[in-house]
1. Checking the conditions here, which among Thr372, Thr413 is modelled with pLDDT under 90 and within 21 Å of Val653 (Cβ to Cβ)?
2. Give the residue, chosen from Leu589, Leu617, that is closer than 28 Å to Val746 by Cβ, buried (at least 18 other Cβ atoms within 10 Å of the Cβ) and in contact with a Gly (Cβ under 8 Å, 6 or more places away or on another chain).
3. Test Glu525 against the criterion of being assigned by the TED database to the domain that holds Arg557, buried (at least 17 other Cβ atoms within 10 Å of the Cβ), among the charged types (D, E, K, R) and free of Cβ contacts under 8 Å to residues at least 40 places away in the same chain, and give yes or no.
4. If you take the residues in region 828-853 that are surrounded by fewer than 17 Cβ atoms within 10 Å (Cβ to Cβ) and among the polar types (S, T, N, Q), which one is nearest to Leu906 (Cα to Cα)?
5. What are the residues in region 555-586 that are under 16 Å from Ala529 (Cβ atoms) and either outside the structural domain of Met524 (by the TED database) or not in a loop (DSSP other than H, G, I, E, B) (or both), if any?
6. Within region 854-865, track down each residue that is free of Cβ contacts under 8 Å to residues at least 40 places away in the same chain and surrounded by 13 or more Cβ atoms within 10 Å (Cβ to Cβ).
7. Got a sec? Which of Gly406, Gly363, Gly437 is closer than 18 Å to Ser470 by Cβ and either touching a helix residue (DSSP H, G or I) at 6+ places or on another chain (Cβ under 9 Å) or outside the structural domain of Tyr643 (by the TED database) (or both)?
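The values are calculated or read from the model by the stated rules, or taken from the named source; none is laboratory data. From a predicted model like this one, the values you see are computed outputs, not experimental measurements. Cβ placement follows ideal geometry from the backbone for every residue including glycine, while neighbour counts extend to all protein chains displayed. Just the protein is used for accessible areas: all its heavy atoms, side chains included, with ligands, DNA and RNA removed. Shrake-Rupley method; radii C 1.70, N 1.55, O 1.52, S 1.80 Å.
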Amino acid sequence: MVTHVVHRLLLLSLLGVGCCSWATAWADNETLNETHLSLSQWVQRSWSTSDRLPHNSVNKILQAPSGHLWLTTWEGPVRFNGRVFEVFDNPELLQVPDAGMYAMTLSPEGELYVGGARGAVSYFDGDAWHGISTESAFINDLLFDEQFLWLATSDQGVLRYFDGQFESFGIEAGLESLNVLSLYLTQAGDLYVGTSHGLMVWQNTNQRFLTVVGLPGSPVRDILESRSGALWVATDEGIFKGEKAAEIYEFALIPDTDSVTITELHEHTDGAIYFGTYELGLARIRQSSLEWLTRADGLPNNHVLAFYSDHEKSLWVSTHGGLVQLRSSAFYSFTERDGLPGEYIRAISEDLQGRIWVGTSEGIARSGIEGTENFEAPAHFNELSVLSLEHHAKSDTTYLGTYTDGLFVVSPTDRMQQISNPNGLFSEEVRALSRFGVNELLVGTGDGLQLFEMVSTPSSSKLHPVLRNSWQREEGLPNNFITAIEAQNEQVAWVATGIGLVKLLRTSSGFELDPIDPELIAPMEMIFAIYNEGNYVWFAADRGLLIYDKVQDELLRVDRASGLPFDKIFGVTGDHENNIWLATSRGMLQVARSELLKVAREVTVAATEVSELNYHLYTGVDGMLSAQINSGSPAAFTDSRGYLWFASAIGAVRLDQSQFNEMRSAAPRIQIEQVLVDQERVDAKVTLPAGVQRIEFDYIGMGYLMPEHVHYEVRLVGYDSDWLPRNSMTHFEYTELPFGEYRFQVRAAYPGGDWSEAAEFEFSIAPAWHQRISFWVSVAVVALFSLALLWRWRIRAIQQNEVRLRKLVRDKTRELEVLARQDTLTKLPNRRAFDEDLQHEVARVSRDRSPLCLAILDIDHFKRVNDQYLHTVGDEVLKELAELLRTCVREQDRVARWGGEEFALLLPNAGTTEAEMVCERIRRNVEHYQFACLPQGVQITVSIGIVKVEENMTHSEVLRFADQALYVAKEHGRNQIHVFQQ
């Protein structure tokens, strides 16, 4: 076991980065159009279960015509659009016994076929899955030729499927083993089969398999025909490459691969052959070199399962640790692996020879002539923490400003001269440098501004710095801490300090400082970088961007309030396509120069409406190792070849705009993923019913190079007059559309790139019943018929209205009569109503001699209740008592409010004894009743006077006698009943 591990480690060292003696012989000799990049220079992006991938082991990858990436996993097939993984993990939906899938292929018609555990096979026609039953234990591979679907099984050899029928080819058909691992169809139409006992080829004439000679009888896990026509075979005993000679392949073993378990072979769009291994990662053979990419280089896992090259030339790699995308990028970060002494960059610039100088916190490095990619860090430049860089206009002298060692002057022969405190330098911290005139250098330190002149001595042509001028706060600087300097021309230079901005003007008598009014730049205080180009000077500041218009002599501004996403801008530069690039701690912003100036002018004149500022933000997902751009002098610039450079926290970032433009010129494929009508999914060319409230469209641009930067436009033909910008939004909806014919269109593009062809969805909305022609015809007929009946109807209506009004008068009269006889507080009959009832009953007694009693009830000490608890409480007592009286009397008895706190009871067909019983029940119930409006324990009692109505009594006598009886009851102590005795 130890020997085996040591052998593998030795193998990795032999197959390491660089040229190998055998590589030239075995790599395909093809002309490569792409710029050579090592695998470590490719951008890596990975997805795992943390990103909602259902399983970290992705078995196969391919791209459908729609642009979706399809993956097979043990949790089911997965569709990926660059942002979302859609998992099909329901066996019932797939119509298979097990959702775990391993193999995958596309039919000639573009249908997706998957196969895997329990011999499961299913295909997706774009709308639904359809299962195909097999009796195999496992499907290892799937492949279509022009007529058949071929299946590699683990236990039944090769199956051939056509029109619902299977044919089986096993040992009797020439196979060496029933365990078939791989299938491959060459350009000539030859079907090769990799089995557990070697490679075989299908002979269509006699319907048999023949063993391919020249190869070991070990498992063949993958087969590949490269574009050169070579046949590559991955076996457990190494990789073999076959070249055709007289219609027969002659195979040779790739040296040093004999003990490597190869899992997959692939030819990428760059012409290189890639192979995956069981435990060593992946390797690339390209022209005369071979490289490895392992977990140590960022690969999630060293067990590589599959490769795929998409239509944007990305290489997708599946591992046991998740899915990986490898691609070249317009952004590249130069780091220690490229020769830099450190990776925290503060300054970056170009000299007269086209060499790129990179100042780091641990020294300085420069590229070869004309900006070649190999950097070197001379030993005498080490351990310098560089803050600023500048180059002499003619002599190719370079100036280095450091954090703790002052200023260094580097000659074309790398001779270094240090300028520090003993030479008159204010501070050893040199933060900014700028040429000013032919032989003058402005030096910004942590303690002031100084001007050096480069002069030569009679004995030597070498330039020596001589201090000519110095400025501090006493001479007019807003602050001694200098953050940036930029010469606008030979007469004017801009100087930024920790709390303000000043112009340095060259005059006939020397120099003078012209401070900028702080109110003109507020709330900006600290300016980190200055960029001078054309008619404008651009200032990167702590509260946005300041712009000086040289022609109009005015300052303009753009900040967060006017559309910038961040406050702090650390660097600014322009490209050759009229864009301005702003360097921030969260990435690089690309904005059209014209758009920035337009918004800045609108802000300056305080326009009521400021145009929307459109920008693109590029971050780590776009290829750079760090999106944090540091402050430095300069932290961003454009070199003579058009490359943009940025000083980042991890390396010097270079943007290749030509590659950037090439990447974004290929429009992403657009797909309408679903359409919902009132939350129900519908298909295209559908007629929707009238009354539809909401129609929603979900769409996606299948762009995997810069998925976060894909932007969209939509248009509803038949409704919208023009395309509507949607930025990066992938959802749009319409509400309450009128009836008609519609065609929804959506297109996608990368920033500044071409628009894709529009994806379309046609539908129509049916008119409502009242919007149809037949309805209006019916309306006209009904209207004519109605006119004929109108007169008759009108006459009848007048008559009916007269009857209605008479009835209304009667009803209202009755209501008024009721109100006139009712007490408004207690809703009992009032005294008027009671008097009428009493007269009627007294007359009945004289006529019929039927018994009748009258009782008058008075609340004892009611004035105390009103005085102690206010009249509102007294009113509530009266209302509650009225309800209590209703419950205590008989059905034929009548209760009325007599006035104030007095109530009257008329008791028909009741003698004195019966009347006393009713009144005693009332008295007792009132005495024990807890009134809700009174405090607990407060008691209400009543006194009652009763009179029996005799035949000879008049109405007034009955009332007088009842009142006398009530008086007696009160005189005898209240809370009692007294019956009048004549």
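1. When all the criteria are applied, what remains is Thr372.
2. When all the criteria are applied, what remains is Leu617.
3. Against the criterion (assigned by the TED database to the domain that holds Arg557, buried (at least 17 other Cβ atoms within 10 Å of the Cβ), among the charged types (D, E, K, R) and free of Cβ contacts under 8 Å to residues at least 40 places away in the same chain), Glu525 qualifies.
4. Among those residues, the one meeting the criterion is Gln839.
5. Arg557, Val558, Gly571, Val572, Thr573, Gly574, Ile580, Trp581, Leu582, Ala583, Thr584
6. Matches in region 854-865: Phe862 only.
7. The match here is Gly406.
Every residue, every condition in (1) touching a strand residue (DSSP E or B) at 6+ places or on another chain (Cβ under 8 Å); (2) closer than 30 Å to Glu673 by Cα; (3) not assigned by the TED database to the domain that holds Arg681, yes or no:
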site: Ala103; (1), (2), (3): yes, yes, yes
site: Trp129; (1), (2), (3): yes, yes, yes
site: Thr134; (1), (2), (3): yes, no, yes
site: Gln165; (1), (2), (3): no, no, yes
